Amino acid sequence: MALRLGDEAPNFTAETTQGTINFHEWLGDGWGILFSHPKDFTPVCTTELGAMAKLTEDFKKRNVKVLAISVDGLEAHKGWINDINETQNCSLSYPLIADPEKKVANLYDMIHPNALDNMTVRSVFVIGADKKIKLTLTYPASTGRNFDEILRVVDSLQLTAKYQVATPVNWKDGEDCIIVPAVKDEDVPSKFPKGHRVVKPYLRFTPQPNK
Ligand code: BEZ
């Protein structure tokens, strides 16, 4: 069955370009992103891995580790990383899982045979510090993902985890947040000392708590 939000991220041990990784041990107490690619030495994937390489520090600041996967082997991955660094002007520092037997790809239901024969589609899993799946996303092979959006979702998820706020449509870091319905009106002033405004009883805004 497909993995759903709130499910525990399945654990696995896999060979990567940075040695053998036990996923849960490697995550430790932090957050993680696991994202799949159809195949090595393909054009869209090359641009995606380069973009992610440039965002690794931003994810690190948020205590999020990044892990990529494709069903090719280690030697291919290593050669491809050289190409990615050369063509995307980056220095890729996160590990790539080599999954020629498709063990991890099947565990995470990343192979959709009616879309792509024998390759993974573009999946993203964001995993919280509690090892639970917080976001799933599935894109077709022909559409590169927007990793700035993944960073935005991580910011929103981490705000919710810490401050009982949600984020409105098209929210960007620094903008007002929504107080979640579970917070009682009488608790709002003490929980949100920066202030709040009530548009409707169910629509209450507060400045972003961690800014
Ligand atoms: C790509 O990354 O460019 C790609 C991979 C598989 C199928 C189509 C495109």
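Numerical summary
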{"quantity": "Lys134 vs. criteria open to solvent by 40 Å² or more (accessible area, probe 1.4 Å) and touching a helix residue (DSSP H, G or I) at 6+ places or on another chain (Cβ under 7 Å)", "calculated": "yes"}
{"quantity": "Cβ-Cβ under 8 Å pairs, at least 6 apart or on other chains, segment 40-62 side in contact (Cβ under 8 Å) with a residue 60 or more places away in the chain, far side open to solvent by 20 Å² or more (accessible area, probe 1.4 Å) and acidic (Asp, Glu)", "calculated": "Leu55/Asp148; Arg62/Asp155"}
{"quantity": "Residues located in segment 111-131, provided they are of a type outside the set (S, T, N, Q), within 16 Å of the ligand (Cβ to nearest atom) and surrounded by 18 or more Cβ atoms within 10 Å (Cβ to Cβ)", "calculated": "Ile111, Met119, Val121, Arg122, Val124"}
{"quantity": "For Leu74: the one exception among (1) of a type in the set (A, V, I, L, M); (2) within 16 Å of the ligand (Cβ to nearest atom); (3) closer than 23 Å to Gly19 by Cβ; (4) open to solvent by 20 Å² or more (accessible area, probe 1.4 Å)", "calculated": "(2)"}
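Residues checked against (1) closer than 19 Å to Ile33 by Cα; (2) out of contact with any strand residue (DSSP E or B) (no Cβ under 7 Å at 6 or more places or on another chain):
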| residue | (1), (2) |
| --- | --- |
| Met52 | yes, no |
| Glu86 | no, yes |
| Ser93 | yes, yes |
| Ile97 | yes, no |
| Pro113 | no, yes |
| Ser142 | no, yes |
| Glu149 | yes, yes |
| Leu159 | yes, no |
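The values are calculated or read from the model by the stated rules, or taken from the named source; none is laboratory data. Here the structure is a predicted model, which means the values were calculated and not measured. A quick note on method: Cβ atoms are made from the backbone with ideal geometry, for glycine too, and the neighbour counts reach across all protein chains shown. Heads up: the accessible areas ignore ligands, DNA and RNA and are worked out on the full protein's heavy atoms, side chains in. Shrake-Rupley method; radii C 1.70, N 1.55, O 1.52, S 1.80 Å.
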